[in-house]
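The block underneath contains the structure these notes are about, expressed in structure tokens.
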Amino acid sequence: MAQIWVIRSGRLVADAAASEDTAEARVELLQYAKGLDAVDDPSVHEVLTQAEHATAPFAERLGSCVAGVVVLPVCMSRASGKVPDKALDKTSAAARFGFLLKPDALMLFDDHGICDRVIERLVADGVSVETVASVLRALLCAPLREQPELLTRVRDDLEVIEERLLEGRVRVDRARMMADVRHLIGLDAFYQGMSDVLDVLSDEASDMLGSDDRKRFAAVARRLDRLSARLESLQDYNLQVHGLYQEEIDIQQNSVMQWLTVVATIFMPLTFITSWYGMNFKNIPLLGASWGYPVMVAMCVVIAVAQIVVFRRRGWLSFGGGKERRTRRRRRGKGDDAR
């Protein structure tokens, strides 16, 4: 059954008996399937049926009305508790609602309870509502309230990962890293879609909405632009953290290969000597001498020690010290940037 509210004396009031013939502006909330059956305009019906497969908000101006769909990112659906954890990676799991805005009526199509909660809060708080466009503006603003906290949480995750990498700990929470990447991608699509919706609603060439409503939607668009700028900086920061992670992986792999190279180099001349004296010839020097074996052992020890000394002087064996120096250098650079 549809829920109906009307605007009386600048307030939103529930009135289940209100009819379409009333002069009062009305807001109607329906379930998605039943709401689509009530839509007669084929163009509007076509726009609203795209909600099932939509991945970002969108809106279309259709004559004297505006129809659209608002799709929340999966990370916001999770925060609202409307989507189970096991469905977080499925596009169809994202919460969404559709709307059909006319000059004196607003139809909402929602199966997730998003619109119901916002409208009930408007009614309970006695918020001033002059037009149905004001109700739609409140619905569009509601998900934006969570954005600063969500972006801060993502940044905190990236800072924790960065600190672990700067400390030389390559084993970071990769699941958290990928979750943050998915959140940023989802928020980017959400912001772009919401920007398109607000552009349609605040279009100066549109005569469907009053100038005050267009200005209010333009103010929401500016708020969204600020969030988009912050998201862009987070995306750059995320790329830096992933670059640092890849750099640490490369350093670790290079360290392993360096150890293998040093060990192989030390044993290469020793292998040559043992192979040479393992040949089946009688007249090999020192082969018949009683002191030949000790001389060969001493020679092998001298060669190995000489190589270790040379490698040490060249810094090829200073793996731990090199890592400590890198860590100190990065921390010092980070402190300089902060100043």
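Coordinate-derived values only; no laboratory data. As the structure is a prediction and not an experimental result, all values here were calculated from the model. Every residue, glycine among them, receives a Cβ derived from its backbone with ideal geometry; neighbour counts consider all protein chains shown.
Before moving on, here are some points about what is shown:
- For segment 142-160, the criterion of a residue being in contact (Cβ under 8 Å) with a residue 40 or more places away in the chain and of a type in the set (Gly, Ala, Ser) is satisfied by no position.
- Met208 vs. criteria in a loop (DSSP other than H, G, I, E, B) and under 17 Å from Ala67 (Cβ atoms): yes
- For Leu270, the requirement of being hydrophobic (A, V, I, L, M, F, W, C) and on the phi > 0 side of the Ramachandran plot is not met.
- Only residues that are more than 12 Å from Cys141 (Cβ to Cβ), among the charged types (D, E, K, R) and over 27 Å from the mean Cα position of the chain (by Cα) were counted across segment 190-230, and they come to 7.
- Residue that is farthest from Glu146 (Cα to Cα) [pool: residues in segment 190-228 that are in contact (Cβ under 8 Å) with a residue 24 or more places away in the chain and among the small types (Gly, Ala, Ser)]: Ser206
- Some residue of segment 123-137 being free of Cβ contacts under 8 Å to residues at least 60 places away in the same chain and over 24 Å from Ala189 (Cα atoms): yes
- Taken as a whole, segment 149-164 holds no residue that is farther than 16 Å from Leu231 by Cα and outside any helix (DSSP H, G or I).
- The requirement of being surrounded by fewer than 20 Cβ atoms within 10 Å (Cβ to Cβ), among the basic types (Lys, Arg) and in a helix (DSSP H, G or I) is satisfied by Arg137.
- Only a single criterion out of (1) touching a helix residue (DSSP H, G or I) at 6+ places or on another chain (Cβ under 7 Å); (2) part of a loop (DSSP other than H, G, I, E, B) is not satisfied by Glu130, namely (1).
- Test: residue in segment 274-289 that is assigned to a helix (DSSP H, G or I), within 29 Å of Ile251 (Cβ to Cβ) and either touching a Phe, Trp or Tyr at 6+ places or on another chain (Cβ under 9 Å) or not hydroxyl-bearing (Ser, Thr, Tyr) (or both): no
- Of all residues in segment 168-187, one or more are surrounded by 15 or more Cβ atoms within 10 Å (Cβ to Cβ) and in contact with a Lys or Arg (Cβ under 7 Å, 6 or more places away or on another chain).
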